[in-house]
Each structure stands twice: as C-alpha cells, then as structure tokens.
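For reference, the structure discussed in these notes is given below.
The values are calculated or read from the model by the stated rules, or taken from the named source; none is laboratory data. The shown structure was predicted, so the numbers you read here are calculated from the model rather than taken from an experiment. Every residue, glycine as well, gets a Cβ built from its backbone with ideal geometry; the counts of neighbours run over all protein chains shown. In case anyone asks, the SASA skips ligands and DNA or RNA and just uses the protein heavy atoms, side chains included. Shrake-Rupley method; radii C 1.70, N 1.55, O 1.52, S 1.80 Å.
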Amino acid sequence: MLRLGSRILVLSQLSSKSCPKNLQVFAFSQINLSRRQRNPLSTRPFTVLAFESSADDTCVAVVNSSRQILSNIVVKQHNLHEGFGGIHPSVAIEAHQRNLPGAVRQALDGARIDVNNVDGIAFTRGPGIGGCLSVSSNAAKSLAAALNKPLVGVHHMQAHALTPLLTTPIPNLPRFPFLTLLISGGHTLLLLATSHTEFRILATTADASIGRAFDKAARLLGLSWGKRGPGAALEDFCREDDVLDPADLPQIPSFPVPMPGRLAFSFACLHSSVERYIASSSPDISRAHKVAIAREFQDAAARQLCAKLVLGLEKSALRGIKIQDVVVSGGVASNFYIRTRLRECLDKYSPDEPIALLFPPLELCTDNAAMIAWASMHRFLTGDHDDPTIDLRAKWSIESLPAVQSGSTSYKNSP
C-alpha cells in the first residue's frame, strides 16, 4: 500500500533508463494522476467502483489508484447450483439480480465513500455467461449515465492476469514480459504478457477447463460442495486425510498427461480417465479408495500444468524472450498442492536463475470485482473510456484487446 511520501520516492527512483517496464507503466499512471490532481480541491487518488457477475459470483468492489482495495464484496451461489451439478444460467441470473443491490450498498459502506465521490465505474464486459454478464453491465452503465461518470468494460481474464500488479509489493512486481497461467472453472490458458493489454496465447484447452475437471471429479467421488465449491472440496478431501498412511491406500494407476510435447491442455481427458477407473472399480468404493483417486487426479492435473509450463518457457527461450516471472491466477490458483508443484517445477527448470512465481491472495484468486477495478485503472488514468452502448462479449479472445489510447473511446467498437 503506497502513501504520498513513498509514492514520490518511488517515482524519483523510476527515472532511471534501466527501470523495468512494469514500473515505468506504474510511474506513468501516477504522473498522469498527478496532472488530474492539479486542482487543489482534488488531491485524492482516482477511485473506481467495479462490478463482476460473469458466472455465479456477484461481486462489487471499490479500489483506488494508490493500490488500495477499499472494499471487496463477493456473494456466492454454491447452494443454489449444487443440485444441478454446475452453474444453471437462469438461476444464476436471478440470484445476481437479487444480490447486486445489497452488494453495491455493502461495497460503498465498506469503503466509506459516497457514490458521488467515485471517479469511474468498471464492469466485466466478457467473456462469461451472457445473461450473467448483463446484470453487472446494466447496473454499471445505468449508474455511470446517472452520475455522469466515465465507464470502462474489462476483459475478465486480463483482470485475473493483472491482479498481482495490484497485490504484489512494488519491489517484487512481475516484469514484462512474463508468463501467466490462468486456471479457473471457465478457462485454462498459458499466456505471454508483454504489456497491460498485449497477451499472446501459448496454450489453451482443447476441451474442458481444469476447474471443470476438478468439479466433475468431485462429483464422481460424491463430495459435497461445501462453502467454497466442488474443486475446493476435492482439495480439502485430499488434504484432510493426510493422516492416512499411504501404505493403507489402494494403488491407483498414474493418469497420463495428454498430448506430450505439445503446447495444449486437455482436462476432459483427465476427467475421462477418472470416470473410467471408477466405472471399472467395485460399486462400493471405500473412503480410503476415494482419497487415493482424488490424490492421483490432483497429481495428474499438477503434472499437466507443469509439463505445459515448461514447454512455454522453452518456447519463449527459443524466441529470445527471457522470462523472469510466472503469474498464476484464477480459482484453481488457490489450490496449495498445485502451488507447491509449480514452485518445484520452476526450481527444477531453472535452478541457477530463479524464476519468481506470483499468486494473488487466496480471496482474489476466484472471481472478484477488485481485479476488474484494477484492470480498468490504466485506462481511466489515460482518459480511455467506453461509450455506454458498448456490447457484451460472451466469447472474447484476450489476444484481441486493443492498445490503450489516451483521451479516446477506442474500445467502443473493438472486434
């Protein structure tokens, strides 16, 4: 968290030509903000009220340009969707409509700010479930119009990728270019990030996302969703039974990593392997047997992520791109076993030149509006806003993000 004095110190240190690109961008944002603050009556940071409802979490947050999360409200819907075995779109839409007004009130109260003192309004433009996206989109557009505030629509996965730029201490910020592994219920992407708006897809899933595979495996094992969802329930199921002696667990065949040597993910393959194994087992599977299956599934998922990450690092090296940081975000990034395995993978790949591995805090791995606010901040600070007529993008490649243009509305009709 930066205060005025420390911000001035940082800016003086960033004048060197050797300053990393990401810190130069941060400095530029602060300088641009200072221009806006020349009015002596306006000396506070730029504050964004943000909305996110792309799936089944209703989220509202208030974040300012000094990297302060003033409030971050997330309303879960797990109890509504567990019986369907996944997100039911119409149920999710109705729940968003019920939950959003209260979440807005909580966010403003928690931030101790009047809505009229908000400087900009952001929302998730896509990708996501169309009807769910429309709830926060309509709210954000209407509020921006009523209050005459600038509006910015944000790419959901871009927001996940940039979250560590909000939460990581300044000296340890990821340096462009860096690799980012986005692993969630809706996406599995390995990206090369070269700026806030420039991402190249190195690998994506050929079928299901890793989060969806976790959810399906948990359902096959008959695990209750609990408060954090089926994927987290599977992780907890593996971890809470650490007291079991591995010698007492049944031997499970190792589930294979699909498409070896190719930069592509396949988690439907992993789900199918688990499904076939369970179908070939006795109908009455013991708890110890289920634990063994869950652990092997989780290990296979981690091995696939590690294998593809190494391929991405090797491909970058062949192109002369030096990677010093790897960012991992999305709901599955909260899995401690996967975090550990990725750290071991990077240490093995580059033992002599350590590669930093960065994760958001656990509460910011899953969907939230704080990341939406922060992803919009560089556009607000350069005067790049959206027209209220901007369309939603239920499907939207992160490679198609236009570059930020100062003082424009370049996103209005972006492809």
| Going by the alpha-carbon gyration tensor, a ≥ b ≥ c the square roots of its eigenvalues, is segment 285-405 rounded (a/c under 1.5) or, if a/c is not under 1.5, prolate (a/b greater than b/c) versus oblate? | oblate
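So if I place +1 on the C-beta of Lys and Arg and -1 on the C-beta of Asp and Glu, and nothing else carries charge, what would the dipole magnitude of segment 256-397 be about its Cα centre? I want it in debye, nearest 20. Don't skip to the end; give the middle numbers.
On the way: 17 positive and 16 negative charges, 105 e Å.
About 500 debye.
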| query | Where nothing but the Cβ of Lys and Arg (+1) and of Asp and Glu (-1) is charged, how large is the charge dipole of segment 167-280 around its Cα centre, in debye to the nearest 20? | reply | 520
| message | Run through segment 100-204 and list the chymotrypsin sites (Phe, Trp or Tyr not before Pro) located in a DSSP loop whose Cβ has at most 11 other Cβ atoms within 10 Å. | response | none
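Below 14 angstrom from the Cβ of K348, what's the summed charge of the other residues (Lys, Arg +1; Asp, Glu -1)?
Numbers: positive: R303, R341, R343; negative: E314, E344, D347, D352, E353.
Overall, the nearby charge balance is -2.
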| note | Among trypsin sites (Lys or Arg not before Pro) in segment 95-197, those in a DSSP loop whose Cβ has at most 11 other Cβ atoms within 10 Å are R112
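Rounded, prolate or oblate, given the Cα gyration tensor of segment 45-194, with a/c below 1.5 counting as rounded?
On the way: a/c = 1.79, a/b = 1.07, b/c = 1.68.
It is oblate, given that a/c is not under 1.5 and a/b is not larger than b/c.
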| note | Unit-weight point scatterers at every alpha-carbon of segment 38-120, Debye formula, q = 0.11, 0.17, 0.20, 0.26 1/Å: log10 I(q)/I(0) is -0.37, -0.70, -0.85, -1.17
| query | Accessible surface of E353 in the full protein assembly, 1.4 angstrom probe, to the nearest 10 Å²? | reply | 110
| request: Be a star and scan segment 108-140 for residues whose amide nitrogen sits under 14 Å from the point 7 Å along the Cα-to-Cβ vector of E94. | output: none
| said: Please give me, ordered by residue number, the trypsin sites (Lys or Arg not before Pro) of segment 323-397 that lie in loop per DSSP and have at most 12 other Cβ atoms within 10 Å. | reply: K395
| field | Separation of the R239 and K315 label points, Cα + 7 Å toward Cβ, nm | value | 3.1
| query | Excluding L181 itself, what net charge comes from residues whose Cβ is under 13 Å from its Cβ, given Lys and Arg +1 and Asp and Glu -1? | reply | +3
| query | Kirkwood Rh, segment 347-389, all Cα pairs: how many Å? | reply | 13.8
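For segment 251-343, what class follows from the C-alpha gyration tensor (a ≥ b ≥ c being the square roots of its eigenvalues): rounded when a/c is under 1.5, otherwise prolate if a/b is larger than b/c, else oblate? All intermediate terms of the calculation are to be shown ahead of the outcome.
Values: a/c = 3.34, a/b = 2.06, b/c = 1.62.
Because a/c hits 1.5 or more and a/b exceeds b/c, segment 251-343 counts as prolate.
Once you list every other residue whose beta carbon is under 10 Å from the beta carbon of T168, what net charge do they have if Lys and Arg are +1 and Asp and Glu are -1?
Values: positive: R67; negative: D325.
Value of the local net charge: 0.
Beyond a 26 Å Cα-Cα separation, which of these cross-linked pairs lie in this structure: K76/K308; K216/K322; K141/K216; K308/K395; K216/K308? Working shown, then result.
Details: K76/K308 32 Å; K216/K322 37 Å; K141/K216 36 Å; K308/K395 24 Å; K216/K308 22 Å.
The pairs that break the limit, which is 26 Å between Cα atoms, are K76/K308; K216/K322; K141/K216.
So, with a 1.4 angstrom probe, what is the percent of accessible area on segment 235-336 that is carbon and sulfur?
Looking at segment 235-336 in its full context, I get 55 percent from C and S.
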